[in-house]
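Below you'll find the structure, written out as structure tokens, and then a few comments.
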Amino acid sequence: MKKVALVAHDARKPVLVEWVGRHLDVFRQLDLVATGTTGTVLLEHYPELRLEKLASGPRGGDQQIGSRIVANEIDMVFFFIDPLTPMPHDVDVKALLRLSILYDIPLACAPRSADILIESLRKDMARRAAQSEGGALV
């Protein structure tokens with residue numbers, strides 16, 4: 001696993017923080033990248049995370065994540081979008097979503113879909129750990 005990207009619009013940041021907290025066992029094992037404000041909020045709550053902060057979304061952070069998708073440096077994206085608030089950088093948001101789809105990167109935009117992706121990741125991590133220990137596949 002290379003990196004997992006975490007992004008949340010302002011109204012969804014508390015939801016992302018709570019959701020990450022429920023899955024700390026997985027997130028503590030991953031290299032993470034986040035847009036600036038999202039990364040700041042996550043590190044305030046979970047300073048032990050290996051998280052690289054980029055620019056904030058409106059200042060190019062969404063585009064930075066998109067460029068890493070193109071460079072094959074992102075394996076999964078969790079982008080908790082606020083569907084009710086107009087975004088001044090809506091074009092950047094759409095570009096990030098388009099690149100995730102174009103490059104076939106698993107993408108979750110809400111907690112329930114994110115739960116499905118994280119459980120898949122958890123199972124994959126357990127299987128890899130069993131293989132590295134010489135055990136049978138899980």
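Details
- So GLU73, is it in contact with a strand residue (DSSP E or B) (Cβ under 9 Å, 6 or more places away or on another chain) and either part of a helix (DSSP H, G or I) or of a type outside the set (A, V, I, L, M) (or both): yes
- Enumeration of residues in region 53-72 that are free of Cβ contacts under 8 Å to residues at least 60 places away in the same chain, within 18 Å of VAL41 (Cβ to Cβ) and among the aliphatic types (A, V, I, L, M): LEU54, ALA55
- Count of region 53-75 residues which are under 15 Å from the mean Cα position of the chain (by Cα) and more than 13 Å from VAL7 (Cβ to Cβ): 4
- Looking only at residues of region 51-94 that are of a type in the set (Lys, Arg) and touching a helix residue (DSSP H, G or I) at 6+ places or on another chain (Cβ under 9 Å), we find that the one that is surrounded by the fewest Cβ atoms within 10 Å (Cβ to Cβ) is ARG59.
- Listing of helices (runs of 4 or more DSSP H) fully contained in region 3-63 that carry 1 or more residues being closer than 22 Å to VAL93 by Cα: 13-22, 36-45
- Among residues of region 100-127, those that are among the polar types (S, T, N, Q) and crowded, with 17+ Cβ neighbours inside 10 Å, counted: 1
- Of the candidates ASP104, ASP124, ASP92, ASP115, the single residue that is at pLDDT 95 or above, over 17 Å from LEU16 (Cα atoms) and under 17 Å from the mean Cα position of the chain (by Cα) is ASP104.
- Within region 1-25, residues that are farther than 17 Å from THR37 by Cα reach partners that are modelled with pLDDT of 95 or more and buried (at least 17 other Cβ atoms within 10 Å of the Cβ) with beta carbons closer than 6 Å, at six or more positions or on different chains, in the pairs LYS3/VAL33; LYS3/ILE74; HIS23/ILE118.
The values are calculated or read from the model by the stated rules, or taken from the named source; none is laboratory data. In this text the structure is predicted, and so the values were computed from the model without any measurement. Cβ sites come from the backbone with ideal geometry, for glycine too, and all protein chains shown count toward neighbours.
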